[in-house]
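Right, one structure below, let's go through it.
The values are calculated or read from the model by the stated rules, or taken from the named source; none is laboratory data. Remember, predicted model here, so these are calculated numbers, not experimental data. Glycine also receives a Cβ, built like all others from the backbone with ideal geometry; neighbour counts cover every protein chain displayed.
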Amino acid sequence: MTETVVAALAGLFGLAVGSFLNVCIYRLPRGESLAWPGSRCPACRQPIRWHDNVPVFGWLSLHGRCRQCAAPIALTYPVVELITGLLFAAHVWAFGWQPLLVPRLLFACAMVVLFAIDFEHQLLPNAVTYPGIVAGLAFSLVFPPGWKDAVLGLILGGGSLWLLAEAWYRLRKVEGLGGGDIKMLAMIGAFLGWQQVLLTLVLSSFVGSIVGGLLIASRRGTLASKLPYGTFLAMAAVVASLVGQRLVAWYVSLYR
């Protein structure tokens, strides 16, 4: 099979994984079990039929409404499935069928979950970040970036945000960053290593500054407005995972 066909098949599998990620995104902030009960309508609580639960196509066939009670089904569901499918295809395209693909896909799934939950609830669940830190360190014993870079990435990622948050609190007496952001960046460092965690910090700060500036310019926010920084971290971390080494190499080449 050609690389394009393989990436497309991976994308289809990613759609199915995205369906499970939707379960995580909905239930984790509410403290509900991921295993039981099965998929159901949040409004009428009726079980969703298997053919209505087919990723993306089920939502389209229902025109975005529950078959039982006609309550609207959030557009978030097919969007998460599509994004997950695209990420699976992109990772297979970038890494090919090699063992490193496994931890990078797990990492991408965690980033999707954290992005969506932080965007909606301004929350980064410990149920994702703590196991993510452990998993990142465990994978680093076998896969790149190696355990030394992973430990340094964890310390640099979590430590830098902790110092920034502590300094901001000392100066302004208000919390600028939550503990979830610190644990999330520590997890990113454990998976990707110190170089990519620095790249993640730069990219996320750049995007966050642009979004914050646009909100202020449109009078929808102020300098005191709190933005879900975990969403910017998630986007930047996925970029770093996919093309981080190329970006770092390109940047270094500018000074040669």
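Observations on the model:
- Cβ separations smaller than 7 Å between residues 6+ apart or across chains give the following pairs from the range 186-199 residues that are touching a residue at least 40 places away in the same chain (Cβ under 8 Å) to residues that are hydroxyl-bearing (S, T, Y) and part of a helix (DSSP H, G or I): M187/T129; I188/T200; A190/S140; L192/S241.
- Qualifying residue in the range 140-152 (condition: among the hydroxyl-bearing types (S, T, Y) and over 23 Å from V239 (Cβ atoms)): no
- The range 166-192 - residue that is charged (D, E, K, R) and assigned to a helix (DSSP H, G or I) and, of those, modelled with the highest pLDDT: K183
A quick yes/no check of all residues on (1) modelled with pLDDT of 90 or more; (2) hydrophobic (A, V, I, L, M, F, W, C); (3) assigned by TED's automatic domain parsing to the domain that holds P125; (4) out of contact with any Asp or Glu (no Cβ under 8 Å at 6 or more places or on another chain):
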| position | (1), (2), (3), (4) |
| --- | --- |
| T4 | no, no, no, yes |
| L12 | yes, yes, no, yes |
| C24 | yes, yes, no, yes |
| L28 | yes, yes, no, yes |
| W36 | no, yes, no, yes |
| R40 | no, no, no, yes |
| P47 | no, no, no, yes |
| H51 | no, no, no, yes |
| F57 | yes, yes, no, yes |
